[in-house]
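Peer 1: Right, I'll just put the structure down here and ask away after.
The values are calculated or read from the model by the stated rules, or taken from the named source; none is laboratory data. Because the structure is a prediction, the values reported are computed rather than measured. Methodologically, a virtual Cβ is constructed for each residue, glycine included, from the backbone with ideal geometry; neighbour enumeration extends over all protein chains shown. The area values use the complete protein model at the heavy-atom level, side chains included, leaving out ligands, DNA and RNA. Shrake-Rupley method; radii C 1.70, N 1.55, O 1.52, S 1.80 Å.
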Amino acid sequence: MEKAKLIELIQHGDEKGYLVVIEENIDVPFTIKRVFYIYGSQRDILRGNHANRKSEFMLINVSGTSKVRVDYGNSTEIFDLNRAHVGVYIPKMVWKEMYDFSDDSVLLVLCSELYDPEEYIRDKGVYYAEVNQ
Ligand code: TYD
């Protein structure tokens, strides 16, 4: 099974500051169909808590910090998101939880699919049954 991984993006920096570019199928390994961002979550809040049958994601804390715990069905991994030019790529069929949000956290999410609640698995028992079959 394909694992999640950190992707470091190029920081174009000069005396004006920084600029980071994300082009589909170049900087992220999918076509970007959907973009959303998450902010205003308290540190003790757990978000995500789902896996996706089709969607692939790239998560980047463009401001502040958070953590992402992924579960592959037989192992887990934690990624610290704390740099505006480093994101975590999450393939399909990976359970994910986002937590430990800083007050200034803005978590940008790029996604390979349009929103379809039917392709979300929100029950961990159902996820384990599907991923381990
Ligand atoms: P939800 O999936 O519960 O967010 P999280 O996984 O971060 O806890 O989504 C929150 C709300 O936003 C929910 O009412 C569904 C809606 N939503 C959309 O309408 N489109 C989207 O692309 C996403 C991700 C969520």
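Peer 1: Can you pull out the residues in region 108-123 that are out of contact with any helix residue (DSSP H, G or I) (no Cβ under 6 Å at 6 or more places or on another chain) and either in a strand (DSSP E or B) or touching a residue at least 60 places away in the same chain (Cβ under 8 Å) (or both)? Before the answer, list the steps.
Peer 2: Pass one, region 108-123, residues out of contact with any helix residue (DSSP H, G or I) (no Cβ under 6 Å at 6 or more places or on another chain): 108-120, 122-123.
Selection gives L108, V109, L110, C111, S112, E113, L114, Y115, D116, E119, Y120, R122.
Peer 1: Continuing with the same structure: Could you list, in sequence order, all residues of region 4-61 that are open to solvent by less than 40 Å² (accessible area, probe 1.4 Å) and of a type in the set (F, W, Y)?
Peer 2: Pass one, region 4-61, residues open to solvent by less than 40 Å² (accessible area, probe 1.4 Å): 4, 7, 9, 17, 28, 30, 34, 38, 41, 48, 50-52, 55, 57-61.
Those that are open to solvent by less than 40 Å² (accessible area, probe 1.4 Å) and of a type in the set (F, W, Y): F30, F57.
Peer 1: Tell me which residues, restricted to region 73-90, are open to solvent by less than 10 Å² (accessible area, probe 1.4 Å) and of a type outside the set (A, V, I, L, M, F, W, C).
Peer 2: Those that are open to solvent by less than 10 Å² (accessible area, probe 1.4 Å) and of a type outside the set (A, V, I, L, M, F, W, C): G87, Y89.
Peer 1: If V88 satisfies all but one of (1) in contact (Cβ under 8 Å) with a residue 12 or more places away in the chain; (2) more than 17 Å from E2 (Cα to Cα); (3) out of contact with any helix residue (DSSP H, G or I) (no Cβ under 9 Å at 6 or more places or on another chain), what's the number of the condition it fails?
Peer 2: (2)
Peer 1: Shifting gears a bit: Return yes or no: is S105 open to solvent by less than 80 Å² (accessible area, probe 1.4 Å), within 16 Å of the ligand (Cβ to nearest atom) and touching a residue at least 60 places away in the same chain (Cβ under 8 Å)? Lay out the reasoning, then the answer.
Peer 2: On the way: open to solvent by less than 80 Å² (accessible area, probe 1.4 Å): yes; within 16 Å of the ligand (Cβ to nearest atom): yes; touching a residue at least 60 places away in the same chain (Cβ under 8 Å): yes.
Here the answer is yes, as S105 does meet what is asked.
Peer 1: Let me ask something else about it. In region 10-79, which strands (runs of 3 or more DSSP E) lie fully inside it and hold 1 or more residues that are over 25 Å from D103 (Cβ atoms) and within 14 Å of the ligand (Cβ to nearest atom)? Talk me through it step by step, then tell me what you get.
Peer 2: Working: elements: 11-14, 17-20, 34-39, 47-52, 57-63, 66-71.
It comes to 34-39, 47-52.
Peer 1: Scan Y89, Y128 and give me the residue that is out of contact with any strand residue (DSSP E or B) (no Cβ under 7 Å at 6 or more places or on another chain), of a type in the set (S, T, Y) and either part of a helix (DSSP H, G or I) or at pLDDT 95 or above (or both).
Peer 2: Details: Y89 fails: out of contact with any strand residue (DSSP E or B) (no Cβ under 7 Å at 6 or more places or on another chain).
Selected residue: Y128, the only one of Y89, Y128 that is out of contact with any strand residue (DSSP E or B) (no Cβ under 7 Å at 6 or more places or on another chain), of a type in the set (S, T, Y) and either part of a helix (DSSP H, G or I) or at pLDDT 95 or above (or both).
Peer 1: If you don't mind, another one. Out of the residues in region 108-133 meeting the condition of being among the aromatic types (F, W, Y) and open to solvent by 40 Å² or more (accessible area, probe 1.4 Å), tell me which one is farthest from L9 (Cα to Cα). Even if it seems obvious, please write down each step before you answer.
Peer 2: Within region 108-133, the subset among the aromatic types (F, W, Y) is 115, 120, 127-128.
Now restrict to residues that are open to solvent by 40 Å² or more (accessible area, probe 1.4 Å): 115, 128.
Details: Y115: 25, Y128: 32 Å.
Among those residues, the one meeting the criterion is Y128.
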